[in-house]
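A.B. asks: Take this structure first; my questions come after.
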Amino acid sequence: MVQLAFKRFVCIAVLGVAVAGCQTNRVDSNEAVSDSLYQAAVAAERNADYAAAVKHFGTLNQRRPENLSIVVALARNLRYSGASADAVRVLELEADHFGSDPAYLLELGKGKLAAGKSRGALKALKTALAKDPENWEVQSTVGIAYDLLEDFDNARAAYESALELSENNPAILNNMAISAALSGDLDRAIYILKNATTAARHSSQIRQNLALFYGIKGDLATAETLARMDLAEDAVRKNLSIYSRLRKN
């Protein structure tokens, strides 16, 4: 079985790859306030200046509290900035207005996952899935929730359903491989990413997760080769040191 230290490390990767990294549900500019504030908010998020994005989307939310897209954008950027509990509070205040909307429920689920409330997240995500069963992102996020609850069989089923909706999707493949690693099956984790399509393997996240899994298995040569495809020398050395420590644990 994968040891506790590795599980904690990969849980961070799960949230980073699939929760923080998913950026659908963008604000529709036709619905938002068509002024410089909206443009500034979008630019700030694109540039990973999440504090500025929170400020701008917060002002927009005060002007247009009935706009779901702005509420979701505000919560998303709070989550990206590390204020997951605040993101959940922002969303829960709007439950009476938007509580049945799948986009709202998906962001609520992501916020709760990031805040460490996996069971509450799963409840929101299952409701979203019932309303929008063809949404691969909801399916994949359900898988993350199950992973964090250590229900790996249901997690695998969720990822497989997501892949049926979005074949060869790199984000789903990443999540599925991380799930396999969390369950203790590093060989399967490597197999999933090693055999992904060429297009999917162009993702730096896939390469670096594959490097992680090889490193944990002790194949540091392969891990180093993969790490060098995306990382500077100091980062490569740092990662190799982390892999060695995780393997020893």
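Where a number appears in this text, it was derived from the coordinates with a stated rule and is not lab data. Because the structure is predicted, anything quoted here is derived from the model rather than measured. Methodologically, a virtual Cβ is constructed for each residue, glycine included, from the backbone with ideal geometry; neighbour enumeration extends over all protein chains shown.
A.B. asks: Among the residues of the stretch 75-93, what is the count of those that are among the charged types (D, E, K, R) and surrounded by 17 or more Cβ atoms within 10 Å (Cβ to Cβ)?
C.D. replies: 3
A.B. asks: Further question on the same structure: Only one of (1) under 28 Å from Val90 (Cβ atoms); (2) over 13 Å from the mean Cα position of the chain (by Cα); (3) surrounded by fewer than 24 Cβ atoms within 10 Å (Cβ to Cβ) is not met by Ala171, so which one is it?
C.D. replies: Status for Ala171: all satisfied but (2).
A.B. asks: Considering only the stretch 211-230, how many residues are touching a residue at least 24 places away in the same chain (Cβ under 8 Å) and part of a helix (DSSP H, G or I)?
C.D. replies: Looking only at that region, the number is 8.
A.B. asks: Give all pairs with beta carbons closer than 6 Å in which a residue from the stretch 231-248 that is under 23 Å from Leu186 (Cα atoms) meets a residue that is among the basic types (Lys, Arg); count only pairs at least 6 apart in sequence or on separate chains.
C.D. replies: Partner pairs satisfying both residue conditions: Val236/Arg228.
A.B. asks: Among (1) under 30 Å from Asp151 (Cβ atoms); (2) out of contact with any Phe, Trp or Tyr (no Cβ under 7 Å at 6 or more places or on another chain); (3) crowded, with 17+ Cβ neighbours inside 10 Å; (4) not basic (Lys, Arg), which single condition is Val72 missing?
C.D. replies: Just one mismatch for Val72, condition (2).
A.B. asks: In this structure, does Asn154 turn out to be more than 19 Å from Pro102 (Cβ to Cβ), polar (S, T, N, Q) and either buried (at least 19 other Cβ atoms within 10 Å of the Cβ) or more than 16 Å from the chain's Cα centre (by Cα) (or both)?
C.D. replies: yes
A.B. asks: Could you please give the count of residues in the stretch 191-200 that are part of a helix (DSSP H, G or I) and either under 16 Å from Asn239 (Cβ atoms) or touching a residue at least 12 places away in the same chain (Cβ under 8 Å) (or both)?
C.D. replies: Of the stretch 191-200, the ones part of a helix (DSSP H, G or I) are 191-194, 200.
Add one more test, that the residue is either under 16 Å from Asn239 (Cβ atoms) or touching a residue at least 12 places away in the same chain (Cβ under 8 Å) (or both), and what stays is 192-194, 200.
Selection size over the stretch 191-200: 4.
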